[in-house]
């Protein structure tokens, strides 16, 4: 009986502009720590603690 590789879980997709709304940045919280996700003028993302 051949073993099949496990199917990777389906990743959820979140639109960064929807997260930020009208602002150029959003705060993401993980385990009580806040992280700032910023959308630059050139459309790149910067994540800082």
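Read-outs: derived from the displayed coordinates by stated rules, not from any lab. Here the structure is a predicted model, which means the values were calculated and not measured. Here the Cβ is made from the backbone with ideal geometry for all residues, glycine too, and neighbour counts use every protein chain on show.
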Once residue 20 and residue 46 are pulled to full extension, the length gained, defined as 0.36 nm per residue separation minus their Cα-Cα distance, is 8.1 nm
Between the modelled labels at residue 30 and residue 4 (7 Å from Cα along Cα→Cβ) the distance in nm is 3.1
GNM on the chain, Cα springs under 10 Å; top mean-square fluctuation among 30, 11, 19 goes to 11
Taking only the alpha-carbon positions of the chain as identical scatterers, the Debye log10 I(q)/I(0) at q = 0.15, 0.19 Å⁻¹ comes out as -0.53, -0.70
